[in-house]
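Structure, as structure tokens:
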Amino acid sequence: MKQKLTRQIKATSNVYGNGHTSLYADMIDAIKNNRKPYVDAVAGRNALEMILSIYKSMKTGVPVKLPLTDFASIDMKGTF
């Protein structure tokens, strides 16, 4: 069973919300309590692959197949 985070995350007016604050807090708690984090490295890698695939599709104008093998964040330099 996943443990509840004991610290409340404050609301923010940032358009991106609280970012990764709750994930960092969970990772710290997981290390302190010798448990697996809520989001592990595999889930993080998969999320990054999905975002990079969206960026690549936006840049090229064509659908992208996974796994993504030939694109990196540096390929978006100057786009945003």
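Here the extension length gained between residue 50 and residue 31 equals 4.1 nm, from 0.36 nm per residue of separation less the Cα-Cα distance. Label-to-label distance, residue 24 versus residue 42, with points set 7 angstrom from Cα along the beta-carbon direction: 2.7 nm. By the count of other C-beta atoms within 10 Å, a proxy for reagent exposure, 57, 22, 73 are ordered fewest to most as 73, 57, 22.
With a ≥ b ≥ c the root eigenvalues of the C-alpha gyration tensor of the stretch 27-80, is it rounded (a/c under 1.5), prolate (a/b larger than b/c) or oblate? It comes out prolate by the Cα gyration axes.
None of the figures in this text is laboratory data; all of them are computed from the coordinates on show. Since we're looking at a predicted model, the values are computed, not measured. Ideal geometry is used to build each Cβ from the backbone, glycine not excepted, and the neighbour counts take in all protein chains shown.
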